[in-house]
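Chemist: Questions regarding the structure given below will be posed in turn.
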Amino acid sequence: MRRSHWIVVLLIAGSISLNAQDTLQAERNWSNGTAYVLPQGRFEIGVFQPLRYGLRDNLEISVHPLWFFVAPNVRVKWEHGGGLATRHSIYYPTPFLRVVAKKGIGGLISPEFAIPHMAALRNDVIYTMRPFEKQYFSLMGGLEFAVRFGALDKRTTIDFPWVYNRLAVFYNDFGIRLGLDWYGCIKGNWWYRLDGELFYYSGSAQTKAFEHSGKIYWRYKKRWEISAGYNIIYGEYPYGNEWNWFLPMIDIRYAWNY
């Protein structure tokens, strides 16, 4: 092949590669279920979603604003390339548990029990594949540990779906969480997400749980996202095993500085 032909081939290949990278970079917006992080400088926040910020091109930080003042929390996602990322989080639920340890309205725990200072540490590995254009399949595995500065009575559990599964680590030695996530474009501004997560906590209050959700998203430019879907939870609670359905689950997210 002549040298000029090789130059044409290289230019075409380079153009295809750059277009693919630009497409992936654009799709990092709203991609919280994948191993990808937000573009540097972009903020996203939802009514029920965390506040996320692209700190660097490979580093993202997030907090839940509604919970932050009663249950301080922070999560960092670090993208390593090749569809691989690690996620590290810590949360401190003691202020929230002490607020609800009272009689009457808002009381979820008997005030006779003392709530010690404690925190949970969680580390996840996420791997994302792109089997088709604008389609992302992710695998997640993580370990969770609790640090307690005092005894925690087992009768202080809050036996509600979603809440119990996330506080169970404080009544056990450690927790394992495994997840699957399928996220992709239907057409134009319409996207979908299906995910499932398995919880297993080993210890004196051994617990297993499963959560699944499905959502449809509509997006306006790069700033707004409206979602609607459902959530199914299976939990092993102190009073017995139970399935719960939540429908509809509606949320709105807004982004800026992109």
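Chemist: If you go through region 198-213 one residue at a time, do you hit one that is of a type outside the set (Phe, Trp, Tyr), in contact (Cβ under 8 Å) with a residue 60 or more places away in the chain and surrounded by fewer than 15 Cβ atoms within 10 Å (Cβ to Cβ)?
Modeler: No, region 198-213 has no match at all.
Chemist: Let me ask another. Restricting to region 74-91, count the residues that are crowded, with 18+ Cβ neighbours inside 10 Å and either of a type outside the set (Phe, Trp, Tyr) or over 15 Å from the mean Cα position of the chain (by Cα) (or both).
Modeler: Qualifying residue count for the region: 7.
Chemist: Search region 129-161 for residues being among the β-branched types (Val, Ile, Thr) and surrounded by 17 or more Cβ atoms within 10 Å (Cβ to Cβ), and hand back the single one that is nearest to Asn241 (Cα to Cα).
Modeler: The residue in question is Thr157.
Chemist: What residue, of Ile90, Ile45, is assigned to a strand (DSSP E or B) and free of Cβ contacts under 8 Å to residues at least 60 places away in the same chain?
Modeler: Exactly one residue qualifies, and that residue is Ile90.
Chemist: Residue under question is Tyr234, and the condition is that it be assigned to a strand (DSSP E or B), closer than 25 Å to Asp173 by Cα, out of contact with any helix residue (DSSP H, G or I) (no Cβ under 7 Å at 6 or more places or on another chain) and hydroxyl-bearing (Ser, Thr, Tyr); does it hold?
Modeler: yes
Chemist: Taking into account only those residues within region 162-197 that are farther than 19 Å from Tyr92 by Cα and more than 17 Å from the chain's Cα centre (by Cα), which is surrounded by the most Cβ atoms within 10 Å (Cβ to Cβ)?
Modeler: Only one residue fits best here, namely Trp191.
Read-outs: derived from the displayed coordinates by stated rules, not from any lab. Bear in mind the structure is a predicted one, so any value in this text is a computation, not a measurement. So basically every Cβ, Gly included, is an ideal-geometry build from the backbone, and we count neighbours across all protein chains shown.
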